[in-house]
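The values are calculated or read from the model by the stated rules, or taken from the named source; none is laboratory data. Keep in mind that what you see is a predicted model, and the values were worked out from it rather than measured. Every residue, glycine as well, gets a Cβ built from its backbone with ideal geometry; the counts of neighbours run over all protein chains shown. To get the accessible areas, we keep the full protein, side chains included, count just its heavy atoms, and leave off ligands, DNA and RNA. Shrake-Rupley method; radii C 1.70, N 1.55, O 1.52, S 1.80 Å.
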Amino acid sequence: MRLVEALHSRPLDRPPVWFMRQAGRYLPEYRDLRSRLSFEESMRTPAVAAEITLQPLRRFQLDAAIIFSDIMTPLAGMGVEMAFAPGPKLASYGVKDVTLLPDLRPGSVDFVGETIATVRAQLAPEVAVIGFAGAPATLLAYLLEGGGSSHFPQFRAGLHHDLVEEALDVLARAMRRYLELQIEAGADVVQLFDSWAGLLAADQFERLAVPAARRVLADLDVPTIYFAPGAAHLLDRFHLVGATGYGVDWRLPLGEAWARVGTDIPLQGNLDPAVLMAGAGTTRAATAAVLAAAGQGTGHIFNLGHGIFPDSPLESVAAMVDTVVGWPERRS
């Protein structure tokens, strides 16, 4: 599998390519399907979730399929009530409340395992299946805030609570089991999304977010990727998480990101997803620039620096993928 080989820093003729949120709203076939089913119905019905996961692979020559789900999914299996409208909405928790959450009930996420098994059975052996989870710090942010937020003040205040490490440990234990279940079902790689770690000061990240994320990923049976967008000030501490490779957003050139993370560590990224809105020609040139910045070495996985926008033109997506697949022959 090209993705697995890249995460082991083995020489390849070109980097693997996949992109975050590739199963979803930018595809007309996805929008057609979702016109008949809610997000939760789609996610919790393995046949439907598998179909959505596979849709982009039918259009584009991608090296991985990421399972259609949500980082909040396993929290329901811990007794957290939530709705998607469209983002997660839940009652606000206190730090102590989080420490009292029960362990994840494996049966509550059986549908995710069934989706992974269905996808794995239908994919070519060389295409990787990616499972994922939310990192403890990011899940704590949603729990303390009751949903999304621009600044997450309740989360940032909660980081000073004397029980915050215990709360993060509860979430780490649950996400560890959740990823194990996905691997048992057939996931070849898993990614940990730490969407709001960039809000933390460097000392908070190292003291709180890193140990919790490390407990989730340590000694899993497949390669792992850690992704924390908006966290350029933390890059020199990413290696402490202990992942196999790290995703980086578009804010720094790959060469500079590598210098901060460690030149021997695989990196994933980092085209600005907004570039796709500028058209196929611009996308092709910007993709080539990212590939050139990665150089001819090993350990690069081409991806966007964040999730794809819903109104991204399909022609731009095709131009991005084709440029990577044809590299280096199709230099612009």
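Could you tell me which residue of the range 21-57 is surrounded by the most Cβ atoms within 10 Å (Cβ to Cβ), considering only residues that are in a loop (DSSP other than H, G, I, E, B) and of a type in the set (Ser, Thr, Tyr)?
26
Output the qualifying pairs, or none if there are none: Cβ atoms under 9 angstrom, residues six or more apart or on different chains, first residue in the range 141-159 and closer than 20 Å to residue 210 by Cα, second residue of a type in the set (Val, Ile, Thr) and open to solvent by 20 Å² or more (accessible area, probe 1.4 Å).
Between residues of the range 141-159 that are closer than 20 Å to residue 210 by Cα and residues that are of a type in the set (Val, Ile, Thr) and open to solvent by 20 Å² or more (accessible area, probe 1.4 Å), the close pairs are 142/71.
Could you grab the pairs with beta carbons closer than 9 Å, sequence gap of 6+ or different chains, first residue in the range 162-186 and under 18 Å from residue 196 (Cβ atoms), second one among the aromatic types (Phe, Trp, Tyr)?
Final answer for the pair search is 167/93.
May I ask you to verify whether residue 133 is within 25 Å of residue 249 (Cα to Cα), open to solvent by less than 30 Å² (accessible area, probe 1.4 Å), touching a strand residue (DSSP E or B) at 6+ places or on another chain (Cβ under 8 Å) and part of a loop (DSSP other than H, G, I, E, B)?
no
So for the range 297-312 (the condition being open to solvent by 20 Å² or more (accessible area, probe 1.4 Å) and over 26 Å from residue 31 (Cα atoms)), does at least one residue qualify?
yes
Of all residues in the range 101-117, how many are touching a Gly at 6+ places or on another chain (Cβ under 7 Å) and not in a loop (DSSP other than H, G, I, E, B)?
4
Quick one: which residue in 62, 123 is open to solvent by less than 20 Å² (accessible area, probe 1.4 Å), of a type outside the set (Gly, Ala, Ser) and modelled with pLDDT of 95 or more?
On inspection, the qualifying residue turns out to be 62.
Picking from 74, 86, 102, 106, which residue would you name as being open to solvent by 20 Å² or more (accessible area, probe 1.4 Å), under 19 Å from the mean Cα position of the chain (by Cα) and not basic (Lys, Arg)?
So the residue among 74, 86, 102, 106 that is open to solvent by 20 Å² or more (accessible area, probe 1.4 Å), under 19 Å from the mean Cα position of the chain (by Cα) and not basic (Lys, Arg) is 86.
Can you find, within the range 150-165, the residue that is nearest to residue 87 (Cα to Cα) among those that are open to solvent by less than 50 Å² (accessible area, probe 1.4 Å) and assigned to a helix (DSSP H, G or I)?
Looking at the filtered set, the residue picked out is 155.
Which pairs have Cβ atoms under 6 Å, sit 6 or more apart or on different chains, and link a residue in the range 103-117 that is touching a residue at least 40 places away in the same chain (Cβ under 8 Å) and closer than 7 Å to residue 185 by Cβ to one that is assigned to a helix (DSSP H, G or I) and among the polar types (S, T, N, Q)?
116/182
Need at least 1 residues that are closer than 22 Å to residue 63 by Cα, of a type in the set (Gly, Ala, Ser) and open to solvent by less than 20 Å² (accessible area, probe 1.4 Å) per element, so show me which strands (runs of 3 or more DSSP E) inside the range 187-296 make the cut, counting only ones lying wholly within it.
245-247, 267-271
Go over the candidates 147, 79 one by one and state the one that is farther than 23 Å from residue 18 by Cα, out of contact with any helix residue (DSSP H, G or I) (no Cβ under 7 Å at 6 or more places or on another chain) and open to solvent by 20 Å² or more (accessible area, probe 1.4 Å).
One residue alone meets the criteria, 79.
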